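Where a number appears in this text, it was derived from the coordinates with a stated rule and is not lab data. Just so it is clear, the structure is predicted and the values come from calculations on it, not from any experiment. Here the Cβ is made from the backbone with ideal geometry for all residues, glycine too, and neighbour counts use every protein chain on show.
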Amino acid sequence: MREHTVLRIVTQLVVAPILIFALYVQFHGEYSPGGGFQAGVIFASAIVLYGLIFGVEAARRAIPPTALRIGAALGLLVFGGTGVATMLLGGNFLEYDVLLPKPEKGQHYGLIIIELGVGITVASVMIAIFYVFAGRGRHRDEDEPA
């Protein structure tokens with residue numbers, strides 16, 4: 001991809017705004033269309049674009065597979081942990097009203113926490129899937145025939 005200078009420059013210019021838009025969708029999701037799933041996919045699309053233009057290895061250096069495994073587990077833990085916390089506080093699973101003394105505030109913060117967990121998990125899994133499919137056939141043993 002070294003000969004495609006325009007693509008490389010445009011990618012460098014658009015990756016940061018894509019990531020910022022993902023954050024906007026993440027944290028504005030309870031007021032308008034959007035939320036964790038959409039934000040996770042938008043975030044992952046920026047990394048996929050970066051990987052397609054600069055190479056999968058450059059993307060793996062930017063976000064290593066270990067960070068993706070931790071992110072997927074952490075997001076799931078945030079989601080499940082919020083549900084368990086609501087049960088420990090006397091409510092049903094993911095009944096946000098019990099999180100704070102004012103039920104409206106509990107609903108608001110509960111949704112933000114849940115959507116954050118979903119966004120982290122979706123972004124991590126989507127990037128991991130890209131790494132798997134983009135890296136197929138690139139790592140051969142020297143004894144293997146081409």
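Report, in degrees rounded to the nearest 10, the 0 to 90 angle that the Cα long axis of helix 5-28 makes with the longest principal axis of the chain.
Roughly 10 degrees, rounded to the nearest 10.
Which angle from 0 to 90°, rounded to the nearest 10, does the C-alpha axis of helix 65-88 make with the longest principal axis of the chain?
It is inclined by approximately 10 degrees.
Want the number for Arg8 to Leu23: 0.36 nm per residue separation, take away the alpha-carbon distance, what's left?
On the way: separation 15, 0.36 × 15 = 5.40 nm, distance 2.34 nm.
Extending this stretch completely gives an extra 3.1 nm.
Using only DSSP helix segments of four residues or longer, with each worth -39500 (n - 2.57), what per-residue ellipticity at 222 nm results for the chain after dividing by its residue count and rounding to 500? Could you put the intermediate results ahead of the total?
Details: 5 runs with 106 residues, N = 146.
The per-residue figure over the chain is -25000 deg cm²/dmol.
In the chain, which longest range has no trypsin sites (Lys or Arg not before Pro) that are both DSSP loop (not H, G, I, E or B) and surrounded by at most 14 other Cβ atoms within 10 Å? Intermediate results must be reported in sequence, preceding the final value.
Details: sites that count: Arg2, Arg136, Arg138, Arg140.
By the stated rule (loop sites, at most 14 other Cβ atoms within 10 Å), 3-135.
On a 0 to 90 degree scale, rounded to 10, what angle separates helix 103-134 from the longest Cα axis of the chain?
20 degrees
Would you work out if segment 8-92 is rounded, prolate or oblate? Take a ≥ b ≥ c from the square roots of the eigenvalues of the alpha-carbon gyration tensor; rounded if a/c is under 1.5, else prolate when a/b is larger than b/c, oblate otherwise. Don't skip to the answer; put the middle values down first.
Values: a/c = 4.58, a/b = 1.76, b/c = 2.61.
Oblate.
Work out the P(r) tail for the chain: percent of alpha carbon pairs separated by more than 19 Å, whole number. Write down the numbers at each step before the final one.
On the way: 6407 of 10585 pairs.
That fraction is 61 percent.
May I ask for the longest run of the chain untouched by chymotrypsin sites (Phe, Trp or Tyr not before Pro) that are loop-located per DSSP and have at most 12 neighbouring C-beta atoms (other than their own) within 10 Å? If you can, show how the numbers build up before the last one.
Details: sites that count: Tyr31, Phe93.
No qualifying site falls inside 32-92, the longest such stretch.
Connecting C-alpha atoms closer than 10 Å in a GNM of the chain, tell me which of Leu52, Leu76, Leu88 has the biggest fluctuation.
Looking only at Leu52, Leu76, Leu88, the largest GNM fluctuation is found for Leu88.
Note down the net charge around Gly36, summing +1 for each Lys or Arg and -1 for each Asp or Glu among other residues with Cβ under 15 Å from its Cβ. All intermediate terms of the calculation are to be shown ahead of the outcome.
On the way: positive: none; negative: Glu30, Glu115.
Once all neighbours under 15 Å are counted, the net charge is -2.
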